[in-house]
Amino acid sequence: ERHYINSANFAVRRDVFESVGGFPEDFETSEDYEYCRRIRAAGLRVYQSRSLEVAHLDNPRTLGAFFRKMRWHGVGMWSSGGRRLNKPALMTLANLLLLLAAVGVLLWPGPLAWPLRLVVAVLAALAVPVMTLAFRLLQVRRAVPVLPSLFLLELFYLARAAALPAGLAARARPRSVGG
């Protein structure tokens, strides 16, 4: 059982799809998250089958394309999901705060020696990506290249943080549910 499945990866009976109002037609992104949220709110469950495989052919091929896609998804993350913040939003905010703390450690003329400040700043900057990678490794149980993964996770969180203003502006606009 899952709380959410990407709509490119799920199938649903038509009667269930229509009973909870379908996709919100005015969402640019994250309509699948919102839809799964309403399925669960209606007392229904979302299941994932590990026996099915999906091949996505539109994966970004450059770092710039990856950043833009994650920022686009981030707008939906900030603009949907009810009043509660979800785990990705909380992790994005934690990463942003720790990055600001890392910059503060580097710029603050305190008693710490420069090499020690650099170590503290790097540890703060990488804390959320390291926790995310550890969590994902426990889920998938396969080896991944650590340094490139940490870099992409940091880029992911930066893109999601960059989406915050547009997402909050979209959240303030009235929404309708498709039918």
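Only the coordinates and a few stated rules stand behind these numbers; no lab work does. Quick caveat: nothing in here was measured; it's all calculated off a predicted structure. All Cβ positions, glycine included, derive from the backbone under ideal geometry; neighbour counts span all protein chains shown.
Of the residues G76, G43, G64, which exhibits the maximal mean-square fluctuation in a Gaussian network model of the chain defined by a 10 Å Cα contact cut-off? Evaluated over the chain, the most mobile residue of the options is G43.
Relative to the current alpha-carbon distance between E53 and N6, full extension at 0.36 nm per residue lengthens the span by 15.6 nm.
Taking every C-alpha pair closer than 8 Å and separated by at least 6 residues, the mean separation divided by the residue count of the chain gives a relative contact order of 34 percent.
With both labels modelled 7 Å from their Cα along Cα-to-Cβ, the W108 to N86 distance reads 3.4 nm.
Between L137 and A42, what FRET efficiency follows from the Cβ-Cβ distance if R0 is 35 Å, with the result rounded to 0.05? Given R0 = 35 Å and the Cβ-Cβ separation, E is 0.55.
Across the stretch 134-149, rounded Karplus estimates of 3J(HN,Hα) from the backbone phi angles (6.51 cos²θ - 1.76 cosθ + 1.60, θ = phi - 60°) give 4, 4, 5, 5, 5, 6, 8, 6, 9, 6, 9, x, 5, 5, x, 5 Hz, Gly and Pro being marked x.
The amide H of V46, built 1.01 Å from its N in the peptide plane, has R2 as neighbours under 5 Å, considering only residues 5 or more places off or on other chains.
Coupling constants for the stretch 158-169 follow from the phi torsions by the Karplus curve (6.51 cos²θ - 1.76 cosθ + 1.60, θ = phi - 60°), and in residue order they are 5, 5, 5, 5, 5, 7, 3, x, 5, x, 5, 5 Hz; glycine and proline get x. Label sites at R61 and S19, each approximated as a point 7 angstrom past Cα along Cα to Cβ, lie 4.4 nm apart. Remark: spin-label model distance V146-L168 equals 3.6 nm, labels positioned 7 Å along the Cα→Cβ axis.
Karplus-based coupling profile of the stretch 97-107, in residue order and whole Hz: 5, 5, 5, 4, 5, 4, 5, x, 4, 6, 8, with θ = phi - 60° in 6.51 cos²θ - 1.76 cosθ + 1.60 and x standing for Gly or Pro.
Comparing mean-square fluctuations of N59, N95, N86 from a GNM of the chain with C-alpha springs under 10 Å, the top value falls on N59.
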